[in-house]
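The values are calculated or read from the model by the stated rules, or taken from the named source; none is laboratory data. Computed from a predicted structure; not experimentally measured. We place every Cβ from the backbone using ideal geometry, glycine too, and count neighbours over all the protein chains shown. Accessible surface is based on the protein model in full, side chains and every heavy atom, while ligands, DNA and RNA are left aside. Shrake-Rupley method; radii C 1.70, N 1.55, O 1.52, S 1.80 Å.
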Amino acid sequence: MITVEDFDKVDCRIGTILKAEINKKARHPAYKLTIDFGEEIGVKTSSAQITTLYTPEALIGKQVVCCVNLIPMHIGSVKSEVRILGSESAQGVVLLQPTEAVKNGDRIF
């Protein structure tokens with residue numbers, strides 16, 4: 001169990017995917033995503049293993065939920081600055097998305 005204070009340390013925000021391409025150097029099939037989080041956070045990159053259900057073309061313009069305050073890590077040749085959130089489902093990873101269009105950078109709580 002974690003405390004509410006621990007949970008409050010996790011900074012999840014809404015971003016819009018601007019660009020999606022195959023992360024050619026990842027060990028497992030993944031996309032390199034370029035995501036816009038608005039003026040405060042800016043544009044960040046992520047590597048995500050979401051190739052089962054999504055094509056790069058279908059990802060462009062999607063608003064997604066990401067954790068933006070993790071220490072960056074390198075996946076293949078991609079500096080993954082944020083972690084995109086999804087459910088690990090029987091059919092593959094299903095992305096978490098707002099049901100209404102919202103402002104990039106809006107905080108999830």
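So the values come out like this:
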item	result
Label assignment, semi-axes √(5λ) of the Cα gyration tensor in Å derived from the structure, set (i) 21, 16, 15; (ii) 22, 18, 12; (iii) 39, 10, 9	(i)
Max mean-square fluctuation residue, GNM over the chain, Cα-Cα springs under 10 Å, options 26, 48, 90	90
Spacing of the two label points (7 Å from each Cα toward its C-beta) at residue 100 and residue 7, in nm	2.3
Whole-number accessible area per residue in Å² for the stretch 1-71, which is evaluated in the context of all protein chains at 1.4 Å	62
Mean-position separation - Cα centroids, the stretch 9-35 and the stretch 59-97, in angstrom	5
Those trypsin sites (Lys or Arg not before Pro) in the stretch 1-83 that DSSP places in a loop and that have at most 11 other beta carbons within 10 Å	9, 24, 27
For the stretch 19-24, 3J(HN,Hα) per residue [Karplus equation, 6.51 cos²θ - 1.76 cosθ + 1.60, θ = phi - 60°, Hz, x = Gly/Pro]	8, 9, 8, 5, 8, 5
Nearest-20 debye value, the stretch 1-80 charge dipole, Cβ charges on Lys, Arg, Asp, Glu	540
Positive-end residue, the chain charge dipole about Cα centroid, Cβ charges, pick of 38, 72, 55	55
Accessible-area ranking of 99, 55, 16, largest first, probe 1.4 Å	99, 55, 16
222 nm mean residue ellipticity, helices alone, for the chain (DSSP H n ≥ 4; -39,500 (n - 2.57); rounded to 500)	-2000 deg cm²/dmol
